[in-house]
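Working notes for the structure below.
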Amino acid sequence: METVKGFKDFLGEEAEKRAIVIEMIRQTFEKYGFQPAETPIVEYEEFVQGKNSNDEAVRDIFRLQDRGKRKLALRYEFTFQLKRIAENQKLPFRRYQIGPNFRDEPIRPGRTRQFTQCDVDVVGSTLKDEAENISMINEIMKTLKIDSITYINNRRLMNEILEEEKIKEKDSIIREIDKLDKLSKFEVKKNLEKYNAGYLVDLFTKPEEYYKKYKSYKEVEELKKYCALFGTKVEFRPFLARGLSYYNGMVIEVWSKELPVSILGGGSYMVGKNQSTGISFGIEPLMLLTKLKFNLEKFLVVSLNQDKKAIQLSKQLRKQGKNTSIYFGKPNKALAYANAYKFTKVIFVGEKEVEKKMFKIKNLETGKEVTLTLTKPKATSKS
C-alpha cells in the first residue's frame, strides 16, 4: 500500500536522525528561554484563513468537514494560533512549537504536503528580540554544520518606496518583487508590466547605500547593530518580502550556501495589539543539508539459550546509556537481523561466555572485536 502523494513514512536510521536533529533544535529553543506549546492540528477554516485568504500558503490549506457539517481545515503553520494561546499571557510571551503541518501544494524536492515545522515566536517583541532570534538560528545552523547566509529586509521600507512611487496595488506588487530570488529580472519585469510597474525591478535591486535615504531603513541599521552585538552577520536584501502579507516590519530569510534554497524565514507581525516576531522552518530541508556526523551506536545482545544472562547484560548496558535490544531468535539469523536494522555492535551470550564471564563485542562497521569482562569495567582489545 503506497502513501498518499506528498506524504511519507520515516523509519529506522532516517527516523533516528530526524529525532536527533529535532531534539537538538528543541534544546536550543529552551536554552534561549522559549517555552513549549502544543496546539490542535484541526481548526475552523475561518480561523485558519483569518484575513490572509489571498496568501499562497493559505490558499493551499487542506479543507474538511466534520459530522456536524462544520467547515474545518488542517493547520498550515503555527503563527495564526498565537492569536488564541497568547491571549492574557504576560509579555513578552516566548513560545516554541515543533510538529506536523499540512499544505496542499505542488510537491518539490525536500518538501512534502505533511512537514515537520519548528517555530519560535516572541509576542510583545522589539528589534533586540529579532536579533537574538537570528543569533539562535545561527547557532542551530552551526550545530547542524550547515553553511548558511542570513538576509534581512523591512516591509515598511518596501511600502515606503512604493508609496513614494504612488503604487496602489502594493501587496500584489510586493509578491512579484519577492520572486527576484527565484526568477530572472526579465521574468519579474514581465510579471509587473500588468501593473505598469516593470521599472520597480531596478528600484529594488540597487546597492544598500541607496536605501539609507528612506526613514524605514533606520530599522534595518538598528537590527544590524544588535546582530553585531550577538556576533551574527546579516546581509541586506531590498527585494526580500516573504510571501505572507501579515509581516509589518523586519523580514528574515536564511539561505544555504551549498544549494540555492531558502532554509527558513520569519519576521515581524501583529498578534492582537502586540508587536511580535517569529522564525519558522521545516525539518526536511535541514536533513538534506546537514553535514552532522550522527552517533547511532546500537547494541544487539544475542541470546544463545542464555536468556537470563542476556537480559542482565542488556540492563547493564542500558544503565550506561547504551541503546540496546535483545535478540531471542534463531542464532544463525542474528547477524542478518543486525545488519537489516543497522545495529553497530553485536554481543553473543552463550554458555562459554557465561562461564568465563567474558563476552565478545563485534563491531559491524569495522569488523573488529573487543572483549567485555563483567568483572572489569574496561574492555580489552583482542587481535
Please go through the stretch 37-56 and give me each residue that is surrounded by 12 or more Cβ atoms within 10 Å (Cβ to Cβ), farther than 25 Å from ASP171 by Cα and of a type outside the set (Val, Ile, Thr), ordered by number. ALA37, GLU43
Return the pairs, sorted by first residue and then second, in which the second residue is part of a helix (DSSP H, G or I), the first residue lies in the stretch 210-222 and is touching a residue at least 60 places away in the same chain (Cβ under 8 Å), the beta carbons are less than 6 Å apart, and the residues are 6+ apart or on different chains. SER216/ARG156; SER216/LEU157; SER216/GLU160; TYR217/LEU157; TYR217/TYR211; GLU222/LEU127
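Find the helices (runs of 4 or more DSSP H) located wholly in the stretch 173-268 whose residues include 1 or more that are more than 22 Å from ILE146 (Cβ to Cβ) and among the polar types (S, T, N, Q), and list them.
Details: elements: 185-192, 200-203, 217-229.
Here the list reads 185-192.
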Of the criteria (1) closer than 22 Å to TYR246 by Cβ; (2) in contact (Cβ under 8 Å) with a residue 60 or more places away in the chain, which one PHE7 fails: (1)
Within the stretch 57-85, how many residues turn out to be surrounded by fewer than 18 Cβ atoms within 10 Å (Cβ to Cβ) and among the polar types (S, T, N, Q)? 1
Across the stretch 337-353, the tally of residues that are surrounded by fewer than 18 Cβ atoms within 10 Å (Cβ to Cβ) and touching a helix residue (DSSP H, G or I) at 6+ places or on another chain (Cβ under 6 Å) stands at 1
For the stretch 135-178: of the residues being touching a Ser or Thr at 6+ places or on another chain (Cβ under 7 Å) and under 19 Å from SER216 (Cβ atoms), which is surrounded by the fewest Cβ atoms within 10 Å (Cβ to Cβ)? ASP171
Filter the stretch 354-371 for residues that are basic (Lys, Arg) and within 13 Å of VAL301 (Cα to Cα); which is surrounded by the most Cβ atoms within 10 Å (Cβ to Cβ)? LYS362
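Could you grab me the full set of residues in the stretch 16-34 that are among the hydroxyl-bearing types (Ser, Thr, Tyr) and either part of a helix (DSSP H, G or I) or within 30 Å of ASP66 (Cβ to Cβ) (or both)?
THR28
Determine, yes or no, whether ILE167 is touching a residue at least 40 places away in the same chain (Cβ under 8 Å) and either over 22 Å from the mean Cα position of the chain (by Cα) or within 27 Å of GLU258 (Cβ to Cβ) (or both).
no
Report, by residue number, each residue of the stretch 170-204 that is touching a residue at least 24 places away in the same chain (Cβ under 8 Å) and either in contact with a Pro (Cβ under 6 Å, 6 or more places away or on another chain) or under 22 Å from TYR214 (Cα atoms) (or both). Walk me through it before giving the result.
Filtering the stretch 170-204 for residues touching a residue at least 24 places away in the same chain (Cβ under 8 Å) gives 171, 173-175, 177-178, 180-181, 195, 197, 200-201, 203-204.
Selection gives ASP171, ILE173, ILE174, ARG175, ILE177, ASP178, LEU180, ALA197, LEU200, VAL201, LEU203, PHE204.
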What pairs can you find where one residue is in the stretch 294-321 and among the β-branched types (Val, Ile, Thr), the other is assigned to a loop (DSSP other than H, G, I, E, B), and their Cβ atoms are less than 9 Å apart, with a gap of 6+ or different chains? VAL302/PHE328; VAL302/GLY329; VAL302/GLY350
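I'd like the residue in the stretch 302-327 that is charged (D, E, K, R) and closer than 12 Å to VAL354 by Cα and, out of all such residues, is surrounded by the most Cβ atoms within 10 Å (Cβ to Cβ).
Among those residues, the one meeting the criterion is LYS309.
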Give me the pairs: first residue in the stretch 256-277 and within 23 Å of SER216 (Cβ to Cβ) and free of Cβ contacts under 8 Å to residues at least 40 places away in the same chain, second residue of a type in the set (Ser, Thr, Tyr) and part of a loop (DSSP other than H, G, I, E, B), beta-carbon distance under 9 Å, and six or more apart or on different chains, which are they? MET270/TYR246
Strands (runs of 3 or more DSSP E) (entirely within the stretch 35-153) containing at least 2 residues that are under 16 Å from the mean Cα position of the chain (by Cα) and modelled with pLDDT of 95 or more: 93-102, 114-123
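Condition test on ARG26, is it surrounded by fewer than 18 Cβ atoms within 10 Å (Cβ to Cβ) and in contact with a Cys (Cβ under 9 Å, 6 or more places away or on another chain)? Walk me through it before giving the result.
Numbers: surrounded by fewer than 18 Cβ atoms within 10 Å (Cβ to Cβ): yes; in contact with a Cys (Cβ under 9 Å, 6 or more places away or on another chain): yes.
The answer is yes for ARG26.
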Single match in GLU297, GLU222, GLU253 (criterion: modelled with pLDDT of 95 or more and surrounded by fewer than 19 Cβ atoms within 10 Å (Cβ to Cβ)): GLU222
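Of the residues ASN88, ASN101, ASN133, only one is under 14 Å from ALA57 (Cβ atoms) and either in contact with a His (Cβ under 6 Å, 6 or more places away or on another chain) or not hydrophobic (A, V, I, L, M, F, W, C) (or both); which?
Working: ASN88 fails: under 14 Å from ALA57 (Cβ atoms); ASN133 fails: under 14 Å from ALA57 (Cβ atoms).
Just a single option satisfies the conditions, and that option is ASN101.
The values are calculated or read from the model by the stated rules, or taken from the named source; none is laboratory data. All values reported here derive from a predicted model rather than from experimental measurement. FYI the Cβ positions are ideal-geometry reconstructions off the backbone, even for glycines, and counts take in every protein chain you see.
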